[in-house]
Each structure stands twice: as structure tokens, then as C-alpha cells.
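Q: Dropping the structure in here first, questions after.
The values are calculated or read from the model by the stated rules, or taken from the named source; none is laboratory data. For clarity, every value in this text was computed on a predicted model and none was experimentally measured. As a convention, Cβ positions derive from the backbone with ideal geometry for all residues, glycine included, and neighbour counts pool all protein chains shown. Side chains are part of the model used for accessible areas, which takes the heavy atoms of the whole protein and leaves out ligands, DNA and RNA. Shrake-Rupley method; radii C 1.70, N 1.55, O 1.52, S 1.80 Å.
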Amino acid sequence: MAKKNGSIIYKCSNCGYSQPRWLGKCPECNEWNTFEEIIIDKMNVTPAGRGKEEVEKAKPVNLSSITAQDNTRFSTGIQEFDRVLGGGAIKRSAILLGGDPGIGKSTLLLQTCASFEAANKAGCILYVSGEESAAQIKERADRLEIDCSNIQLLCTSRLEDALDAMDALNPSLIIIDSIQTIYSVEAGIIPGTVNQLKYCANEFISWVKERDSVLIMTAHVTKEGSIAGPKSLEHMVDTVISFEKNNDEIRFLHAQKNRFGAVDEIGIFSMTEKGLTTVSDPSSIFLTRRKEALPAGVVCTPVFEGSRVFLVEIQTLTVPAKASISRIYSEKIDSGRIARIAAVIEKRCGLVFSDQDIYVNVAGGIRLSESSIDAAIAIALYSARADLPVSSNTVIFGELSLAGEIRLVSKSKQRIKAAKQAGFSKVLSPEDDNSSLTVSTIKELIKKAFNN
């Protein structure tokens, strides 16, 4: 082999012969135009001797010459999980799953391991646990009645051990539970630091990007519910998924970031003795079944979450302010939106809210952010303040402007159809449809909601 010329050599792609200058014909194998520029990068050696000094120089290619791959998704085997991922997990992708302690992240991933192989007929699955012992995980698998024959378990916190196992097994699915427990001596000996998180996550992601595998890493969260650690960790992965709950049984799975799908889909699970099961009828969670009439301050509205329509119940309560300044208490709907809608009603209809404390809740615990709920919130506030209940067969939706206008929202016909199928006979919306009552202003909406 010829000597290296500084930090660059030229290497034959056919036989591997290298020399310091470019040649048209390789003197070793006599092939033409096979020499490629190679950079000598001594810093490219990763922990435990991984990587190589010779790195092929990156060159731009025309985007039109690249062929898109088909069948690049793996099914997790769990319908609601696939829905949130956009139809399944993309090969060579990294997924970050965050949630409160004890919410069921490990349970979900263990069930995913069991269903993944059956759904894809893929290779083995590697489960790396830095938090639990092998006996604890086996006990959970037995309780969930999971077939563990294709799951390889590695209980370690060392990055190098995990990478060695990944090289040896070449798994189709890798679970890291959790990334905060993994450390490498190259970045220190204390796990969970900023350098450790970025370094270890980068090593895992770099490995999976070169193979037809899927990487899922669980992450700790702060008391505010956001993923702990540097924000760059969320930028490094392809998908960021949040796992939340509204009570002891119901769990919500939704994507905060997804490079390969929408972020408005939501997966709904119920926690049982046998693990997480999908909820087939979401309306049973979000609507309260009553035999009597609706109480004042309660209104039903249809909302879109991805490709599905849910009928949800918005509950409001107004009481005289306990202090000189009124307050708004709302966890599931932005309090700023509540204040804006109350101000519009006060200005356009003359009903005073400035001396009231306002409480707003969504039955079932789902978070709502789309503009279509404005009209329903307005009627719920009016109903609570005036102590006038809305009829139980009424559904309301529409966007409320500062001028008191009820504006059209997307997918109105699908919302009306879903309300009719759920048994609601009276639909108030800005959509000019024969099956609904059309409203254009907040005053008109109030008159029709309360039968003049």
C-alpha cells in the first residue's frame, strides 16, 4: 500500500488498493475509474475500538436520482401504537418515549416486543434494561403472559456492553429502558448527565441508521411532564412520544414530533391486570352517560384527533371570586383561550365574568387545543354563569372570533356525521348543512342553544 498523502488517500472501490494520488486505472486490478477519495480521520474511532480511521468523503447527489424505498415500516403489533407512529415504525428510525414514573412505559414496550415478532416475522429483539433486574422483567412477562422466546434481555448500564450485544445479535427491534441510565467511560462515569445523554444516544442512533432496525428509548420526565435532559436529545431522534394518563386506568399515547407521520393522532389504552389493552369505544371515556338532563355548564362537542372524531364533554363552573382578582383554573384547555372567550361573551352579550373564578375541565382527561371547541366553551361558560342547562341531545362546535362571529372549521361534515351517529339530534355549527342548525354569531348561537 502506498503512503498516505497528509489526511487524504485514494482507494480502489473494486480491490481496496490505495495510493496518495488519483489514477484513472487501478494498477492492482486493472479496473478504470474506481478510485475514490478517502479521508483519514483518527477521531472517528468510537469506544471499545469501534469505527475506523478511513472515512469515505461525503459527496452530494441529485435528489431526483434517489429511489424511495417501499415497505419501510415495521408494525408494532399494537394498533393504537401504530396509529400514533403514523402506520408503524420506520426502519432505521429512533423513537423516544417519555412518561411519568409507573405509568406503564416498560409494560407497553414489553408487550410491543411480544407482538413485534408475530406482526413482522422479523429477527430477534433486544431489550436493554438499566433500571430493572432480569428477574423483575421476567416476573412482569409472566404476569402479562408474554411469549419471551424471541426476546434477548440484557441488564446493563454500560454503553459498550449494549453495542457489543447489538453487533452480535443484529436485532430488528432494540429497546433501551432507559437512556438516562446508560453511561460510557468516554463521557464520564455518572449516567444521566448532559454529555452522557447526548453521547450515548448518538451512538445508538448511529448504529440503527446503518441497519434495518428500529430503536425505542424510554426517557425520564421532569415534574412539569417534559422529557428530562438536553433539548437536543429530542432533536436527535425521529419521533418523540408522550405517555400520559387521566386516572388510574386510562392512558393516552400521542406524538410530539414525528418525521414520518402526523402528530395529531392519539392512542388510547386501558391498564388492566393483563397489561395495556386498546380502547375500542373512546366515547365511553369522554362522554358521561346520564339518565337525567345535563347540569348547567356542560356541553358536548366533536373534536378531531388525527383521523378520528371524538365526542367530548366540556365542563365549566363559575363562582364569585375569592379575591379581588378573578382566576381561571383549567388544565386540559389553555387558560388564555378561556379568558379570551369569556371576554368576548362579556363584550358582545353583556354577561359579566370579571368578578368570577372560572373552572374548566374535560371529561376523560384529554387535552384539547383545536379552535373548533370555542363555541362549545362559550355556551358552557354562559350556561354555568346563567345557571341554564343545555339539552342533552345538543352538540356544538365552531371557532369564535373577537368580533363575536362563529367561523367555519375544517372537516365540519365529518363532525356532524359523528354527532348524529352518536345519537345527538341537535347540532349547532357554522356549517350550512341540512342536518344541522346554522349559526353565525355568538348571540344567535346562545338563542338557539337555549331555545330563545
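Q: Collect the residues in segment 283-293 that are open to solvent by 20 Å² or more (accessible area, probe 1.4 Å) and either over 30 Å from D142 (Cβ atoms) or over 27 Å from the mean Cα position of the chain (by Cα) (or both), keeping them in residue-number order.
A: S283, S284, T288, R289, R290, K291, E292, A293
Q: Could you give every pair whose Cβ atoms fall below 8 Å, whose first residue belongs to segment 90-104 and is over 13 Å from V240 (Cα atoms), and whose second residue is of a type in the set (S, T, Y) and modelled with pLDDT of 90 or more, counting only separations of at least 6 or pairs across chains?
A: K91/S213; R92/S213
Q: Would it be correct to say that I241 is among the β-branched types (V, I, T) and either crowded, with 23+ Cβ neighbours inside 10 Å or within 30 Å of V303 (Cα to Cα) (or both)?
A: Working: among the β-branched types (V, I, T): yes; either crowded, with 23+ Cβ neighbours inside 10 Å or within 30 Å of V303 (Cα to Cα) (or both): yes.
In short, yes.
Q: One residue is enough: does segment 364-380 have a residue meeting the conditions charged (D, E, K, R), in a helix (DSSP H, G or I) and open to solvent by less than 40 Å² (accessible area, probe 1.4 Å)? Full working, then the answer.
A: So the first thing to find is which residues in segment 364-380 are charged (D, E, K, R), and the list is 367, 370, 374.
Remaining after also requiring in a helix (DSSP H, G or I): 374.
Then keep just the ones that are open to solvent by less than 40 Å² (accessible area, probe 1.4 Å); that gives 374.
Yes, segment 364-380 has at least one match.
Q: At pLDDT 95 or above, more than 30 Å from F269 (Cβ to Cβ) and more than 23 Å from the chain's Cα centre (by Cα), is that true of A321? Full working, then the answer.
A: Details: at pLDDT 95 or above: no; more than 30 Å from F269 (Cβ to Cβ): yes; more than 23 Å from the chain's Cα centre (by Cα): yes.
Taking the combined requirement at face value, the residue does not satisfy it.
Q: I need the full set of residues from segment 402-427 which are small (G, A, S), out of contact with any Phe, Trp or Tyr (no Cβ under 8 Å at 6 or more places or on another chain) and exposed (fewer than 15 other Cβ atoms within 10 Å of the Cβ), in order please.
A: A403, G423, S425
Q: Considering every residue within segment 197-214, establish whether at least one is open to solvent by less than 60 Å² (accessible area, probe 1.4 Å), of a type in the set (D, E) and in contact (Cβ under 8 Å) with a residue 40 or more places away in the chain.
A: Within segment 197-214, the subset open to solvent by less than 60 Å² (accessible area, probe 1.4 Å) is 197, 200-201, 203-208, 213-214.
If we keep only those that are of a type in the set (D, E) as well, we get 203.
Keeping just the survivors that are in contact (Cβ under 8 Å) with a residue 40 or more places away in the chain gives 203.
Within segment 197-214, one or more residues are open to solvent by less than 60 Å² (accessible area, probe 1.4 Å), of a type in the set (D, E) and in contact (Cβ under 8 Å) with a residue 40 or more places away in the chain.
Q: Can you name every residue in segment 22-42 that is loosely packed, with under 14 Cβ neighbours inside 10 Å and modelled with pLDDT under 85?
A: E37, D41, K42
Q: Can I ask one more? Any idea which residue in segment 167-196 is nearest to V221 (Cα to Cα), counting only those that are under 26 Å from the mean Cα position of the chain (by Cα) and open to solvent by 30 Å² or more (accessible area, probe 1.4 Å)?
A: So the first thing to find is which residues in segment 167-196 are under 26 Å from the mean Cα position of the chain (by Cα), and the list is 171-183, 191-196.
Checking the rest, the ones that are also open to solvent by 30 Å² or more (accessible area, probe 1.4 Å) come to 183, 191-195.
Working: Y183: 18, P191: 15, G192: 12, T193: 14, V194: 14, N195: 18 Å.
Of everything passing the filter in segment 167-196, G192 is nearest to V221 (Cα to Cα).
Q: Using beta carbons and a limit of 9 Å, which pairs, at least six apart or on different chains, have the first residue in segment 334-345 and closer than 16 Å to I366 by Cα and the second one polar (S, T, N, Q) and open to solvent by 40 Å² or more (accessible area, probe 1.4 Å)?
A: Note: pairs meeting the criteria are D334/S369.
Q: Could I ask something else about it? Between A219, A296, which is surrounded by 21 or more Cβ atoms within 10 Å (Cβ to Cβ), touching a Leu at 6+ places or on another chain (Cβ under 7 Å) and among the hydrophobic types (A, V, I, L, M, F, W, C)?
A: Working: A296 fails: surrounded by 21 or more Cβ atoms within 10 Å (Cβ to Cβ).
Going through A219, A296 in turn, the sole match is A219.
Q: Another question about this same structure. I need a count of the residues in segment 129-166 that are closer than 13 Å to Y183 by Cα and of a type in the set (A, V, I, L, M).
A: 3
Q: Also, I was wondering about something else. What about I358, is it in contact with a strand residue (DSSP E or B) (Cβ under 6 Å, 6 or more places away or on another chain), among the aliphatic types (A, V, I, L, M) and surrounded by fewer than 21 Cβ atoms within 10 Å (Cβ to Cβ)? Steps first, answer last, please.
A: On the way: in contact with a strand residue (DSSP E or B) (Cβ under 6 Å, 6 or more places away or on another chain): yes; among the aliphatic types (A, V, I, L, M): yes; surrounded by fewer than 21 Cβ atoms within 10 Å (Cβ to Cβ): no.
Judged against the criteria, I358 is not a match.
Q: Would a scan of segment 66-76 turn up a residue that is assigned to a loop (DSSP other than H, G, I, E, B), among the polar types (S, T, N, Q), modelled with pLDDT of 90 or more and surrounded by 13 or more Cβ atoms within 10 Å (Cβ to Cβ)?
A: yes
Q: Considering each residue of segment 238-257, count those that are touching a helix residue (DSSP H, G or I) at 6+ places or on another chain (Cβ under 7 Å) and more than 13 Å from F81 (Cα to Cα), and give that number.
A: We begin by selecting, within segment 238-257, every residue touching a helix residue (DSSP H, G or I) at 6+ places or on another chain (Cβ under 7 Å); these are 239-241, 243, 250, 253-255, 257.
Of the ones still in play, those that are also more than 13 Å from F81 (Cα to Cα) are 250, 257.
Adding up the residues that qualify gives 2.
Q: Looking at G225, G275, G229, G261, which is the one that is within 26 Å of G130 (Cβ to Cβ), touching a residue at least 60 places away in the same chain (Cβ under 8 Å) and surrounded by 17 or more Cβ atoms within 10 Å (Cβ to Cβ)? Outline the logic, then answer.
A: Numbers: G225 fails: surrounded by 17 or more Cβ atoms within 10 Å (Cβ to Cβ); G229 fails: touching a residue at least 60 places away in the same chain (Cβ under 8 Å); G261 fails: within 26 Å of G130 (Cβ to Cβ).
After ruling out the rest, the residue left standing is G275.
Q: Further question on the same structure: Name the residue, out of A141, A118, that is among the hydrophobic types (A, V, I, L, M, F, W, C) and surrounded by fewer than 17 Cβ atoms within 10 Å (Cβ to Cβ).
A: Values: A141 fails: surrounded by fewer than 17 Cβ atoms within 10 Å (Cβ to Cβ).
Selected residue: A118, the only one of A141, A118 that is among the hydrophobic types (A, V, I, L, M, F, W, C) and surrounded by fewer than 17 Cβ atoms within 10 Å (Cβ to Cβ).
Q: Let me ask you something else. Would you confirm whether or not segment 266-281 contains a residue that is farther than 26 Å from T394 by Cα, in contact with a His (Cβ under 8 Å, 6 or more places away or on another chain) and not aromatic (F, W, Y)?
A: Quick first cut of segment 266-281, residues farther than 26 Å from T394 by Cα only: 267, 269-278.
Subsequent filtering for residues that are in contact with a His (Cβ under 8 Å, 6 or more places away or on another chain) retains 267.
Checking which are not aromatic (F, W, Y) leaves us with 267.
Yes; the residues of segment 266-281 include at least one that is farther than 26 Å from T394 by Cα, in contact with a His (Cβ under 8 Å, 6 or more places away or on another chain) and not aromatic (F, W, Y).
Q: Sticking with this structure for a sec: Quick one: would you say V395 is under 22 Å from K291 (Cβ atoms) and either hydrophobic (A, V, I, L, M, F, W, C) or part of a helix (DSSP H, G or I) (or both)? Full working, then the answer.
A: On the way: under 22 Å from K291 (Cβ atoms): yes; either hydrophobic (A, V, I, L, M, F, W, C) or part of a helix (DSSP H, G or I) (or both): yes.
Judged against the criteria, V395 is a match.
Q: Output the number of residues of segment 185-222 satisfying the condition of being polar (S, T, N, Q) and more than 19 Å from I174 (Cβ to Cβ). Steps first, please.
A: So in segment 185-222, the residues polar (S, T, N, Q) come out as 193, 195-196, 202, 206, 213, 218, 222.
In the following step, the residues that additionally are more than 19 Å from I174 (Cβ to Cβ) were identified as 193, 195, 222.
Number satisfying all stated conditions: 3.
Q: Go through segment 416-452 and report how many residues are touching an Asp or Glu at 6+ places or on another chain (Cβ under 8 Å) and assigned to a helix (DSSP H, G or I).
A: 2
Q: Sticking with this structure for a sec: With the requirement that a residue be among the small types (G, A, S), open to solvent by less than 30 Å² (accessible area, probe 1.4 Å) and touching a Pro at 6+ places or on another chain (Cβ under 8 Å), what does segment 121-138 give you? Give the steps one after another, and end with the answer.
A: Step one: list which residues in segment 121-138 are among the small types (G, A, S), which gives 122-123, 129-130, 133-135.
Narrowing further to those that are open to solvent by less than 30 Å² (accessible area, probe 1.4 Å): 122, 129-130.
Listed by number, the list holds a single entry, G130.
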